[in-house]
1. Once the dipole of the chain is set up with Lys and Arg at +1 and Asp and Glu at -1 on Cβ about the Cα centre, which of 281, 148, 369 lies farthest towards its positive end?
2. Determine ³J(HN,Hα), in whole Hz, for all residues of the range 7-17 in sequence, where each value follows from phi through the Karplus function 6.51 cos²θ - 1.76 cosθ + 1.60 and θ = phi - 60°; x replaces Gly and Pro.
3. Which net charge results when you count Lys and Arg as +1 and Asp and Glu as -1 among the other residues whose beta-carbon is under 15 Å from that of residue 413?
4. Filter the trypsin sites (Lys or Arg not before Pro) in the range 129-210 to those in DSSP coil with at most 10 other Cβ atoms within 10 Å of their Cβ, and list the result.
5. What dipole magnitude, in Debye to the nearest 20, does the chain give about its Cα centre under +1 on Lys/Arg Cβ and -1 on Asp/Glu Cβ?
6. So which residue, out of 401, 343, 53, gets the largest mean-square fluctuation from a GNM of the chain using Cα contacts under 10 Å as springs?
7. Could you work out the Kirkwood radius for the range 161-222, taking every pair of different alpha carbons, averaging 1/r and inverting it, reported in Å?
8. Which three semi-axes in whole Å describe the equivalent ellipsoid of the range 163-293, each the square root of 5 times a Cα gyration tensor eigenvalue, listed largest first?
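Any read-out appearing in this document is the output of simple, stated calculations on the displayed coordinates, not a laboratory observation. Since this is a predicted model, take the numbers as computed values, not measurements. Virtual Cβ from ideal backbone geometry, glycine too; neighbours counted across all protein chains shown.
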Amino acid sequence: MTPPVLIWLRRDLRLDDSHAIVAALKSDAPLAFVYVFDPAMKHRGVGHAQLGFIVEGLEDLQSRLAERGGGLIVRRGDTVQQLVAVVTELGVERVCANRDEEPAADVVERAAEAALKGIGVELLVVDDEVNVPHELVLTKDGNPCRTYSAYARGVRRVLAELPAPPHDYDLQGRLLATPAPEIPSVETLVGRPVTLRSDLEGGETHALARLRTWRDEGFLARYAKDRDLVAEPDATSRLSGYLRQGMLSPRRALHVADRAGASKYASELLWRDWFKYVLHHHPDLAERCIDPRYDQIEWVGTDAHFDAWTRGETGFGMVDAAMRQLRETGSVANRARMVAASFLVKDLHIDWRRGEQWFRTHLTDGDLASNAGSWQWVAGTGLDAAPYFRIFNPTLQEERFDPTGAYAARWAPDRPAPIVEHAIERDKTLAAYKAVAAEKS
């Protein structure tokens, strides 16, 4: 029997348009699939909502593989050790994987490559997370892009010359049949009862269905107009969690947007790719300000105010609604996220890194690149043409984007007294940022 090619799954829990699968299909060998639950996941900010989403995604993937004559291998433990064990058990000579560009994942990938090489097995890692590989997106001078607009133009230039549509292939008869795996529950993985669950169901099947429904029922066409209406659950696609775990191909999503002429939604998809590009060039994106001047800011906010923010008890309707929705569902619309983030940093004077960590461990779509990049955008410490003086007024934001009050009424109907006065805190923030900028200039 021809030894199988092993597909090492990480954040690519799908069968549609996977570059690792495309690479594996170049041989005549059957394909096997493995996923490892590594205890180190918790140190990468994988919270309970996200973990439950992954479990559901694996259950769905096993079903999709079984329909095509294959199966999924699921292991728990150290990733490298488990990968070597599966390779040995199956007699694998080649492993294919889609690249995971988070710094911690890169460390594991290098260790896996070395361990596999030591037993004579090749590890082929291919780019898959973004629409265009980072090294192809440069300014006309050949330098990395420093703004989103330059990046988006660069991506479009590359795609005009080298179109990258989603791949279509047939896996029937190409998969190695393996016994149905025992996929652990979230409670088993964390060792205690879990209350936070995503309000979306994980899995490629649900991702593709959501994309089709959102397009076919007209929500995609209305996205540019409605996307900031926080009370409307279908104003945004809610596909970010699926993209985060690779249950939906970024090329498939962009292909649908471009074919529909939905340029605003396409640009938002490229924001996701942009933040991965930024992380590629700034691996410490979640630890240090990209603009080093602002690492000098003295964050004077209190733990009591941080706790009030996490509980949704600040007295500002959109902020409180966003934080309570986050704790209950693992989901928050982008507009509400920005308002809540701005309030923490610029009204409560709390280090953006604390907020970034809180969001990432509670969000179903908690992605290091997108989350840290967005927090630096809000904080005014990243790659941005309009930095620190962008300060959201939480009251005006609520009046504009929740005009009927339905969002606040749904998630935060009580209205405690505001814990700060926005105008006063805004002036303090401007003074603090200006002082640092002037001191370092």
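1. 148
2. 8, 8, 8, 9, 10, 8, 7, 7, 9, 6, 6
3. Cβ neighbours under 15 Å give a net charge of -2.
4. For trypsin sites (Lys or Arg not before Pro) across the range 129-210 that sit outside H, G, I, E and B with at most 10 neighbouring Cβ atoms in 10 Å, the list reads 140.
5. I would put it at about 640 debye.
6. So, out of 401, 343, 53, the one fluctuating most is 401.
7. Result for the range 161-222 stands at 16.5 Å.
8. Square roots of five times the eigenvalues give 27, 24, 20 Å.
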